[in-house]
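Structure, as C-alpha cells:
The values are calculated or read from the model by the stated rules, or taken from the named source; none is laboratory data. Not measured: the values here are computed from a predicted model. Please note that ligands, DNA and RNA were not included when accessible areas were found on the heavy atoms of the full protein model with its side chains. Shrake-Rupley method; radii C 1.70, N 1.55, O 1.52, S 1.80 Å.
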Amino acid sequence: MKQGQFEQTYQPLWELLEQQIIALESPNRQLSGGELASFASRYRRLCHLHALATDRHYSSHLVDKLGDLVVRGHQQLYRRKQPFMQQMISFVVAGFPRLVRAQQSYIWWATALLYVPGLIIYLAILWQPDLVYTITPPAQVSSFEEMYDPQNRTLGSARESDTNVQMFGFYIRNNIGVSFRTFASGILFGVGSIFFLVYNGLLMGAVAGHLTNAEFTQTFFTFVVGHGSFELTAICISGAAGLKLGYALLAPGNLTRTESLKRASKIAIQLIYGVIIMLVIAAFIEAFWSSNNILLPWQKYLVGGFLWTLVISYFVFSGRGLDTRAEGSPS
C-alpha cells in the first residue's frame with residue numbers, strides 16, 4: 001500500500017485518537033469505563049499502524065507523528081493505573097527499549113556521529129602519532145598515560161579518591177554531565193548535540209590511538225570494555241534525544257515550533273530517564289570492576305563481550321511482546 005492510500009484510509013483513526021489524547025492530557029481528566037475500552041482498542045490499532053509505517057519506510061514525518069502518538073497514548077493508558085515501582089519496571093523492561101526502537105533513525109545518526117570520527121582519528125594517530133596533540137593538549141596526554149600505565153595499582157581516571165564508592169559517585173556525576181550537555185545542547189537546532197558527539201568521538205579515538213602507540217593497549221581496552229557498553233550507548237541515546245529536539249525546531253511540519261518542541265521534549269526526556277539508569281549501571285561497573293587490575297585480561301574481555309551482547313539484545317528484543325499484542329486488523 002502506498003503512503004497516500006495508507007493515510008487516506010487510517011488518518012481518521014489516528015486523528016480521533018489524537019483528539020482523545022489531548023483531552024486526557026488536560027489536568028484532572030479521568031477515563032470512564034467506556035472511554036478506556038475504546039481508547040485501548042484504538043491505541044492497539046495505532047501501535048500496529050506505526051509498526052507498518054516504519055516497516056514500509058514511509059516518510060519520517062509520518063513515522064515520527066505516529067511514534068509520538070504511541071508514546072503519548074501509552075502514557076495516558078498506563079500512567080494513572082500503575083504504582084511507581086510497577087511503572088519503573090514496565091519502563092525498564094519494555095517502555096525504554098521500545099522507545100529507543102521507535103526513535104532509531106536519531107539513534108543511528110548519533111551513533112555515526114560518535115563512532116565514525118573516533119575511528120578515523122584512531123587510525124590517523126596510529127599512522128601519525130603527533131596528531132594526538134591536535135585533539136588534546138600535552139598535559140592531558142600525559143595524564144592519560146599516567147592513568148593507564150600498567151604499573152598503576154588501580155586503573156582509570158581521578159583515582160585520587162581512596163575508595164571505589166567515592167569513584168562510583170564521581171563517575172555518576174561525570175558521565176551524567178557529559179550526557180546532559182550532549183542532550184540539552186540539541187536545543188540549538190541540533191548543532192550542540194552534533195558538536196559534543198563528534199568531540200567525544202574524536203577524544204575517545206585520540207586517546208585509544210595514543211595509548212595503542214604507547215603499548216598500553218591491554219590496560220586501556222580491558223578498562224573500557226566492561227562499562228563502555230552502557231556508557232557509550234547512553235551517550236548515543238543522549239545525542240539522539242538532542243537531535244530530536246533540534247529536528248523538531250528545524251522541521252515542525254504543520255505545528256508551531258513551540259508545539260513541535262513540546263511534543264519532541266516529552267519523548268526526549270523519557271529517553272534521558274533511561275540514559276540515567278544506564279549511566280548508574282556504567283558507573284557501578286567502572287568503579288568496582290573496570291578499575292580492578294587483579295583480574296586477568298581474558299576475564300575482562302569475556303565479561304565485556306557479554307555486557308555488549310546484553311545491551312544490544314536488550315534494545316533489539318526487550319518489549320517485543322507488547323508489539324505483538326498490539327497487532328490488529330490493518331494491512
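Residue order by solvent-accessible surface for 45, 173 is 173, 45, largest first, with ligands and nucleic acids left out and a 1.4 Å probe.
Normalised size of segment 40-145, defined as Cα radius of gyration per 2.2 N^0.38 Å with N residues, equals 1.67. To the nearest whole percent, what portion of all C-alpha pairs in segment 212-321 is separated by more than 16 angstrom? Cα-Cα pairs of segment 212-321 separated by over 16 Å account for 66 percent.
Taking a cut-off of 26 Å, what percent of all Cα-Cα pairs in segment 89-219 are separated by more than that? Counting every Cα pair in segment 89-219, those more than 26 Å apart make up 37 percent.
Over the Cα atoms of the chain, the radius of gyration divided by the Kirkwood radius equals 1.03; this is the Rg/Rh ratio.
Where the centroid of each part is defined by its Cα atoms, how far is segment 46-77 from segment 199-220 in Å? Measuring centre to centre over Cα atoms gives 41 Å. The phi torsions of segment 125-135, fed into the Karplus equation with coefficients 6.51, -1.76 and 1.60 and a -60° offset, translate into couplings of 6, 4, 7, 9, x, 5, 4, 4, 6, 7, 9 Hz, rounded to whole numbers, with Gly and Pro shown as x. For the chain, the longest principal axis of the C-alpha atoms and the axis of helix 3-25 are separated by about 90°.
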